[in-house]
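What follows is a set of notes on a single structure, which appears directly below.
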């Protein structure tokens, strides 16, 4: 009878202890996951600039403070301004959602009566309105709107930038993987961050700017508000900016402006919708792109976990999961072993 060595028993006990403590820490600190992800995202974006400033003779602490302040002005401040503008408008829409959806339903019923066809039954329309209100409420509950998360994010970022070289060396040393897989993980994670943190907002901004041109030409009231709404909606999977320009087209029809309504819908589907495909193709060539299915499920999971910021971090989490499964297969040569086994059997 084979006995288990004391060394293996000690390893199992130690590993079990580490896992249990890790699970406890993760559960207690899970509210700070967005702060950590945000800090890591900014670290990847700012690391190159950090090295350039240090090579030019800047003191490390001064360079870190300068980059953190600049990132706040360039990245976060515009987000806060847009969020502040949208929060007031959308909060009003949510508080008066019953009247708004009643108006929309009344207009759809008039179309049904006029053209003798059914658009939505009562249950379907109620489900859609409830779903829309719930999703808007989730988006308004953005994790990054809380001061605590923002302070914690920059707190983590400060130490990541100050100890960047030492941190990376320790990670390489302690990661139980081959050197080639460690380098592969680093390159892939950087690509994922650039693709999501830069690519998704960039595509959304492009769609918003193109939509703004149409809004100005057609005389949409408060075009800047609808521009901001379009940018946010463009980051949502499947429906995207259509949840903005389709209702605007219906509003034109409701106001007895069928010509502008038709133009709005055509401009939305043919021009605004095409921008997404064109810029995504360009993005694939420049910095890589995430598979659409990863984006769809990542956004759904991310919004449920993190609020609005989950639009960015949800796809990153799923992409990391897929990457780690590939690394596992490569690390233990699962694919090659399977092929060798099949060839031997043949």
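The values are calculated or read from the model by the stated rules, or taken from the named source; none is laboratory data. Everything quoted here is computed from the prediction, not taken from an experiment. All Cβ positions, glycine included, derive from the backbone under ideal geometry; neighbour counts span all protein chains shown.
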Cross-chain or 6+ apart pairs with Cβ under 8 Å, segment 32-60 first and assigned to a loop (DSSP other than H, G, I, E, B), then at pLDDT 90 or above and surrounded by fewer than 18 Cβ atoms within 10 Å (Cβ to Cβ): 58/66
Helices (runs of 4 or more DSSP H) (entirely within segment 289-346) containing at least 2 residues that are modelled with pLDDT under 65 and over 25 Å from residue 197 (Cβ atoms): 334-345
Index of the failed condition, residue 239 passing every other in (1) in a helix (DSSP H, G or I); (2) free of Cβ contacts under 8 Å to residues at least 40 places away in the same chain; (3) surrounded by fewer than 19 Cβ atoms within 10 Å (Cβ to Cβ): (1)
Residue match in segment 161-169 (condition: under 27 Å from the mean Cα position of the chain (by Cα), buried (at least 17 other Cβ atoms within 10 Å of the Cβ), part of a helix (DSSP H, G or I) and touching a residue at least 12 places away in the same chain (Cβ under 8 Å)): yes
Only one of 283, 265, 216 that is modelled with pLDDT of 85 or more, in contact with a helix residue (DSSP H, G or I) (Cβ under 6 Å, 6 or more places away or on another chain) and crowded, with 16+ Cβ neighbours inside 10 Å: 265
Single residue of 45, 53, 37 found to be modelled with pLDDT of 85 or more, touching a helix residue (DSSP H, G or I) at 6+ places or on another chain (Cβ under 7 Å) and under 30 Å from residue 225 (Cβ atoms): 45
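For (1) touching a residue at least 24 places away in the same chain (Cβ under 8 Å); (2) surrounded by fewer than 19 Cβ atoms within 10 Å (Cβ to Cβ); (3) in contact with a helix residue (DSSP H, G or I) (Cβ under 7 Å, 6 or more places away or on another chain), each residue gets a yes or a no:
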site: 173; (1), (2), (3): no, yes, no
site: 182; (1), (2), (3): no, yes, yes
site: 187; (1), (2), (3): no, yes, no
site: 191; (1), (2), (3): yes, yes, no
site: 199; (1), (2), (3): yes, no, yes
site: 207; (1), (2), (3): yes, no, yes
site: 229; (1), (2), (3): yes, no, yes
